[in-house]
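There's a structure below that I have some questions on.
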Amino acid sequence: MSGLPDNPGRTSAPRRGRRALVALAAAFGLALAGCASIDPPSTPVSLAPAAAQHITGAPPSPERKRLIEAFGGIYNAPATEAFLDGVLAKLAPASDASARPYHVTLLNSPIVNAFALPSGDIFVTRGVLALADDTSEIAAVMAHEIGHITARHAAQRAEFEKTAALFTHVNSQVLAHYEAQDEAEARSKLAIARFSRQQEFEADQIGIKTIARAGYDPYGAARFLTALGEWSALRASVAGAGSADRPDMMATHPSTPERVAQAVAEARQFGEPGTGETGRNAYLAAIDGLAFGDDPSQGVVRDNVFIHPRLGFAFEAPEGFTLDNQSAALIGVGEAGGEALRLDSIPIAESATAASAIGSGWIDGVKTTSIEAKQIAGLEAATAVAEGEQWSFRLGAVRLNGRLYRLIFAAHTLSPAVDSRFMASLDSFHLLNAQDSALAAAQKIKIVDGGSGDTPETLAARMAFLPQSTNQFLILNGLERGAALVPGQRYKIVLQ
């Protein structure tokens, strides 16, 4: 990893404490969590059944459906997908299972991750595409996933999932031990993605051998693993905690110094650095215009502000909170590690009031008191208090367009200062305005030519709306700190 500096002025809580808070915020023991989300889909997520049937001759598998739904649905970029399928066409004959057909599916998620199913389905998030810097690197990612398939890691994992599902059934039904649904879903998504440490090393070896046979630079794997470690370190310093809901590659494909070193050693068997094709310009052309970061149609996080253009509202978390827009809820954790929040929504009947809904028992085993009706930005709202053994909760509800938006704020003690932060955040809930719309504008990757006077800082200045923009520019372009740009060479920047 690069040892990138922490976000200036931000004090990180102990990692274990922050993880516990993330889990708390994600679950909160909500009795209604099963039907809650920020934005319930009005139509089923596109599963591209034609592509799946082309590979397997059968309808899409439940595991394929789960993967697509967990990572934002399918990202529609035909030219980029065609380019990746062309890379796969070169990798397949070079693999140990050359007769197997492979097809790539792009996932609409900024999270950096990739997956493979025994069917030959390979999934790549647009976050992976943004991080990879040339064709050999993205070829290494896909060849790694092919390695999992040819070594039957995915099939072995499927057997593990069956065992885990049986244990969960016995644990919940026989022993009456119930998990919060969000936590169970997070565990399921990790089970989909995670391989053992030994399986990762084995897939690396298979993948590097495959890309070398296909004519690509075998060092592309080590470069991508290095970038992955740097990106994950940067994400942790900015966001303060990872997302259990959408695990990135550091959770499911750990990038350790040992793994990078082994990737370099494996590549040396095929020659010194400079061996094989990198295909950088072709790759950059294929991802020019790719969406970057959160999809505005699913809501976006900008510092401590959450904006949902399609649903027409915005909300501001307390200063120092870091936010993660998950599929089931917006999760926030305070910088001192002692507070957390969750924002989601549930349907509300026309005959019901916000005050009656907030008193219906959102949190299992906790009594709700001090219910007060109020108005927020002209919208019907309500507040309440809920006291648990270890945590206390401030509850807020705002009615908008047939949904009840629920803000659950957790702290060890409900001091006046905590209550003030909660009320300020709840009162910040408002209908979208022009400033919000501008702030939530879609971000896209733009490929530009370096000029004679350009430096990493001058190009990063064009994406200054991103946190730690210079660090992001360096990682996205595979550059080390202090590197000089080459006039005429192509670089990735992010524009709004």
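Loop-only GluC sites (Glu not before Pro) in the range 364-395, please: DSSP not H, G, I, E or B, and at most 13 other Cβ atoms within 10 Å.
Of the GluC sites (Glu not before Pro), the ones in loops of the range 364-395 whose Cβ has at most 13 other Cβ atoms within 10 Å are Glu389.
Report, in listed order, any pair from Lys65/Lys444; Lys90/Lys446; Lys65/Lys209; Lys209/Lys444 with a Cα-Cα distance greater than 29 Å.
Details: Lys65/Lys444 27 Å; Lys90/Lys446 27 Å; Lys65/Lys209 31 Å; Lys209/Lys444 33 Å.
Among Lys65/Lys444; Lys90/Lys446; Lys65/Lys209; Lys209/Lys444, the Cα-Cα distance tops 29 Å for Lys65/Lys209; Lys209/Lys444.
Subtract the Cα-Cα distance of Asn281 and Met423 from 0.36 nm times their separation in residues, and report this length gain in nm to one decimal.
Extra length available between Asn281 and Met423 comes to 46.0 nm.
To the nearest 20 Debye, how big is the dipole of the range 346-496 about its Cα centre, given +1 on the beta carbon of each Lys and Arg and -1 on that of each Asp and Glu?
For this selection, approximately 380 debye.
Moving to a separate point now. Tell me which trypsin sites (Lys or Arg not before Pro) from the range 337-390 have a DSSP coil assignment and no more than 10 other beta carbons within 10 Å of their own.
none
Another question, then. Packing-wise, with mean Cβ within 10 Å as the measure, how do 125-131, 70-76 rank, highest first? Please report the intermediate quantities before stating the final value.
Working: 125-131: 24.0, 70-76: 20.7.
The packing order, highest mean first, is 125-131, 70-76.
Related question: If you count only protein heavy atoms with a 1.4 Å probe, what accessible area per residue comes out for the range 457-496, rounded to a whole Å²? Please report the intermediate quantities before stating the final value.
Details: 1850 Å² over 40 residues.
Result: 46 Å² of accessible area for each residue.
Going by average Cβ density within 10 Å per residue, which order do the peptides 111-121, 213-223, 445-455, 256-266 take, highest to lowest? Can you show the working numbers first?
Values: 111-121: 22.9, 213-223: 24.9, 445-455: 14.4, 256-266: 16.8.
Ranking, from highest mean packing down: 213-223, 111-121, 256-266, 445-455.
Figure the gain on full extension for Asp449 and Ala89 (residue separation times 0.36 nm, minus the Cα-Cα span) and round it to one decimal in nm.
On the way: separation 360, 0.36 × 360 = 129.60 nm, distance 2.96 nm.
Extending this stretch completely gives an extra 126.6 nm.
Please work out the FRET efficiency for the pair Ser297 and Ala82, using the Cβ-Cβ distance as r and a Förster radius of 22 Å; give the result to the nearest 0.05. Walk me through the intermediate numbers first.
Working: r = 24 Å, r/R0 = 1.08.
Taking R0 as 22 Å, the efficiency between Ser297 and Ala82 is 0.40.
The values are calculated or read from the model by the stated rules, or taken from the named source; none is laboratory data. For clarity, every value in this text was computed on a predicted model and none was experimentally measured. Cβ: placed from backbone, ideal geometry, glycine included. Neighbour counts: every protein chain shown. Accessible surface areas use protein heavy atoms only, side chains included; no ligands, DNA or RNA. Shrake-Rupley method; radii C 1.70, N 1.55, O 1.52, S 1.80 Å.
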